[in-house]
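Okay, so here's the structure we're looking at.
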Amino acid sequence: MNEVKCECGHVNPIGTVLCEACGRVLDEATKEQKLVDMRYEGTARRSQTYNKTIIDKIWNFFSSVKVGVWLIILTLIASGIGTIFPQEMYIPPTVPAELHYEEEYGWAGKVYYELGFHNLYSSWWYLILVASIGISLVICSLDRVIPLYRALKTQRVDRHEGFLKRQRVFWITEEANDIDFEKIKTRLKERRFKVREENGALLAEKGRFSRWGPYINHVGLIIFLLGAMLRSVPGMYVDKILWIREGETKEIPGTEGQYYLKSDKFHLDVYDKEKDDKVFEAALEQKGSVVKNFQTDVTLYGRSKETLPGEEAELNKIKDHEIRVNEPLKHDSYALYQVDYKLNELNKMSFKLTRKSDEKEYGDLTIDLYDPKEKYDLGNGYSVELKKYLPDFEFDENGVPSTKSRIPNNPAFVFNMITPDKPKGEVSFVAIRQTVEPGGNNTYKMKFNGVDYKNVSALTVRKDKTLWYLGLGGAIFMIGVIQGAYWNHRRIWIQRRGQQVWIAAHTNKNWYGLKKDISNTIKDLGLNEPIDQVQEEKST
């Protein structure tokens, strides 16, 4: 039940349309056709033969070219939607993603976030789409390439007359007893055909390797998709932004606490009209100031040993480096690129606790705007509690003080000033150029005493171990494209039947070239010119 035996003796898998050996038509419906479908040599494909078990149904689903095309279309649509708003990696790190998208883009941003488009390329459903394309490519290829390979490997030179008659190029020459077959063989070999002879029949073939071009394409695409999916595997791909201030030491994101970076100094150079080349003079007059170079002098540290959560890491210095644009710091497959900067960002603010009546000072305090303390003891019974800190102060839609971000662009404070004569303290709201005393007229105030600025560098941290997969997949894909585009599989069958010579030919493309090969081969040998049955039918 699983095999079909041809009259020639060859045993074919069930579902075979043309005998793999002699080409005899085994399917009743095909016998009624004038030409046979030679796309897969009439072989039995699993997807067209079995449809009983759940494995058969899954195989048949993914072996469909239509399913593969729709999977690609859905992936392209999802990728396009993912470009409408910035991905999460490109939004400010100071605001949670669920708040940022809704605040910036309204209800569309909220839907965008809820559906996972904010982190599209590592979302589970997008990876399933990509994996489905890969599965479809694998099953489509196996469903076709294995039967095709088997049929081409087992094909005989002497083919059945029904097979020859149903080829697109076919004709018969009557009374051709004196045809010189040796000259035909010589001319075919000169045209780089591989010639086989059995029982007086000839099979000339060349370019069979071009039939594997589409399947090599599939191999390249599968490797490429594998590389794309590996980007979601920890340790394979990192693309993050590190904002670091002068004098600050931070863990490099994506290194799992293995490496730390200290910003020693930030440099910004601009073009000078007097010192630099006159070629920039017009641009400088128009722009006023043009950046010549910006760089960050850094020190790279490595963690000396594993640490427990909350424990301070022990660091060993690895090297110093000057990071400039297009001159990254590279170490252990990581690269840190200079991409942006921010000058004179607020870093610390100093205040003095002062009695308002006579401006007498009772101590000063300095607040680290990135790591403020809850209480500052000034001695002699004087202290200041920081009840609330708003780094980027604004009033929300209800008139309540809030912060737009964690960056101290417009810091505001709620102080509780505790003194010997005011043991419960006095509350004061202090912002830049603004002081509010909710409890009425206070005896004491927080007097602004100075500010400390720092320059901030933005570094892109990159690590990509998937490039080899992407490059290899792309190269294999192009090899398949070239293989299938610039060569074609040509076969010519020549058989002597009594006083007649039968010639049939087939190619997977470029029929004009095939007919030209035949014409040059049989020229001056007394054989009729080749007949294209498709063209002949159109002309009639």
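Under the membrane-span-like helix rule (DSSP H runs whose alpha carbons stretch at least 18 Å along the helix axis, mean Kyte-Doolittle hydropathy -1.0 or higher), the chain yields 65-81, 124-154, 213-230, 467-486.
Put 443, 435 in order of accessible area, largest first, 1.4 Å probe: what do you get?
Numbers: 443 50, 435 85 Å².
Ranked list, largest accessible area first: 435, 443.
Within the accessible area of the chain, the carbon and sulfur atoms contribute 53%, probe 1.4 Å, all protein chains present. Equivalent ellipsoid of the range 165-225: semi-axes from √(5λ) of the C-alpha gyration tensor, largest first, are 36, 15, 9 Å. Normalising the average separation of contacting C-alpha pairs (under 8 angstrom, six or more residues apart) by the number of residues puts the relative contact order of the chain at 18 percent. From its DSSP helices (H runs of at least four residues, each -39,500 (n - 2.57)), the chain gives a residue-normalised ellipticity at 222 nm of -9500 deg cm²/dmol. In terms of distances greater than 31 angstrom between alpha carbons, the cross-link table entries 110/265; 265/404; 57/465 yield 110/265; 57/465. Once the Cα-Cα distance is subtracted from the 0.36 nm per residue extended length, the residue 448 to residue 320 segment shows a gain of 42.3 nm.
Take the residue pairs 34/206; 240/388; 66/538; 31/52; 262/454 and return only those whose Cα atoms are more than 22 Å apart. List each step's numbers first, then the result.
Values: 34/206 26 Å; 240/388 31 Å; 66/538 30 Å; 31/52 28 Å; 262/454 14 Å.
Where the Cα-Cα span goes over 22 Å, the pairs concerned are 34/206; 240/388; 66/538; 31/52.
For the listed peptides 451-463, 190-202, 234-246, a ranking on the average number of other beta carbons within 10 Å per residue, highest first, reads 451-463, 234-246, 190-202.
Given a Förster radius of 22 Å and the C-beta distance between residue 77 and residue 230 as r, what FRET efficiency does 1/(1 + (r/R0)^6) yield to the nearest 0.05?
Details: r = 23 Å, r/R0 = 1.06.
In this case the efficiency is close to 0.40.
Taking Cβ separations below 4.7 Å as the criterion for a possible disulfide partner, the isolated cysteines in the chain are 140. Working from Cα pairs under 8 Å separated by at least six residues, relative contact order for the range 293-394 is 15 percent.
Which option, (1) 35.9; (2) 25.1; (3) 45.1, is the value of mean projected area of the Cα convex hull in nm² that was calculated from these coordinates? After the calculation, the listed value that fits is (3).
Using the heavy atoms of the protein chains and a 1.4 angstrom probe, tell me the accessible area per residue for the range 86-206 in square angstrom. If you can, show how the numbers build up before the last one.
Details: 6450 Å² over 121 residues.
Counting only protein heavy atoms, the per-residue value for the range 86-206 is 53 Å².
The values are calculated or read from the model by the stated rules, or taken from the named source; none is laboratory data. Everything numeric here is computed off the predicted structure, so don't read it as measured data. Here Cβ is always computed from backbone atoms with ideal geometry, including for glycine, and neighbour counts include all displayed protein chains. Remember, those area values only see protein heavy atoms, side chains included, never the ligands or the DNA or RNA. Shrake-Rupley method; radii C 1.70, N 1.55, O 1.52, S 1.80 Å.
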